[in-house]
Ligand code: FES
């Protein structure tokens with residue numbers, strides 16, 4: 001192979017390659033920012049979120065959870081509480097409303113340290129009330145939340 005066998009890419013080839021790279025990067029950014037991009041989770045035009053529970057890997061076992069992002073303005077997660085039981089939970093701490101974060105099998109509030117069981121019960125205060133439920137209904141393997 002000689003040096004002359006390498007040709008500079010044409011303007012068209014350069015543009016196609018650049019657009020492909022930008023597309024991959026943009027796609028990854030959208031997925032990272034949009035929890036609803038997960039398999040089995042779709043947002044309806046009315047703001048409800050539908051979770052095809054068998055398709056969401058985070059819900060494959062009892063005790064699993066998946067974050068949905070905001071559902072009608074409420075930070076929400078779905079927790080599998082039984083073999084065919086799921087609970088949608090409002091992630092706002094019941095002490096002063098700061099969103100809790102998942103820490104293994106619990107939710108922990110970064111503001112004052114309240115800890116909640118995955119299904120929402122208070123494990124440690126200062127919060128004294130469980131995490132609220134978000135309305136949800138399960139039908140034909142699809143949990144409609146919100
Ligand atoms: S707001 Fe969560 S413990 Fe105070």
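The values are calculated or read from the model by the stated rules, or taken from the named source; none is laboratory data. Computed from a prediction, not measured in an experiment: that's the story for all the values here. Every residue, glycine among them, receives a Cβ derived from its backbone with ideal geometry; neighbour counts consider all protein chains shown.
Quick one: would you say residue 100 is touching a residue at least 24 places away in the same chain (Cβ under 8 Å), in contact with a strand residue (DSSP E or B) (Cβ under 8 Å, 6 or more places away or on another chain) and closer than 18 Å to residue 44 by Cβ? In short, no. Taking residue 111 as the residue in question, decide whether it is in a strand (DSSP E or B), surrounded by 12 or more Cβ atoms within 10 Å (Cβ to Cβ) and at pLDDT 95 or above. No; evaluated as a whole, the condition is false for this residue.
Kindly check whether there is at least one residue in region 120-142 that is part of a strand (DSSP E or B) and touching a helix residue (DSSP H, G or I) at 6+ places or on another chain (Cβ under 8 Å). There is at least one residue in region 120-142 that is part of a strand (DSSP E or B) and touching a helix residue (DSSP H, G or I) at 6+ places or on another chain (Cβ under 8 Å). Among the residues of region 73-103, those that are within 16 Å of the ligand (Cβ to nearest atom) and either outside any strand (DSSP E or B) or farther than 21 Å from residue 49 by Cα (or both) comprise 91, 93, 94, 95, 96, 97, 98, 100, 103.
One residue stands out among those in region 120-146 that are under 18 Å from residue 95 (Cβ atoms), surrounded by 15 or more Cβ atoms within 10 Å (Cβ to Cβ) and within 18 Å of the chain's Cα centre (by Cα): the one that is nearest to the ligand (Cβ to nearest atom), which is 131. Tell me whether region 39-56 contains one or more residues that are within 14 Å of the chain's Cα centre (by Cα), within 16 Å of the ligand (Cβ to nearest atom) and closer than 19 Å to residue 141 by Cα. No: zero hits.
One line per residue, one yes/no per condition, for (1) in contact (Cβ under 8 Å) with a residue 60 or more places away in the chain; (2) more than 25 Å from residue 46 (Cβ to Cβ):
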position: 69; (1), (2): no, no
position: 76; (1), (2): yes, no
position: 79; (1), (2): no, no
position: 90; (1), (2): no, no
position: 129; (1), (2): no, yes
position: 134; (1), (2): yes, no
position: 137; (1), (2): no, no
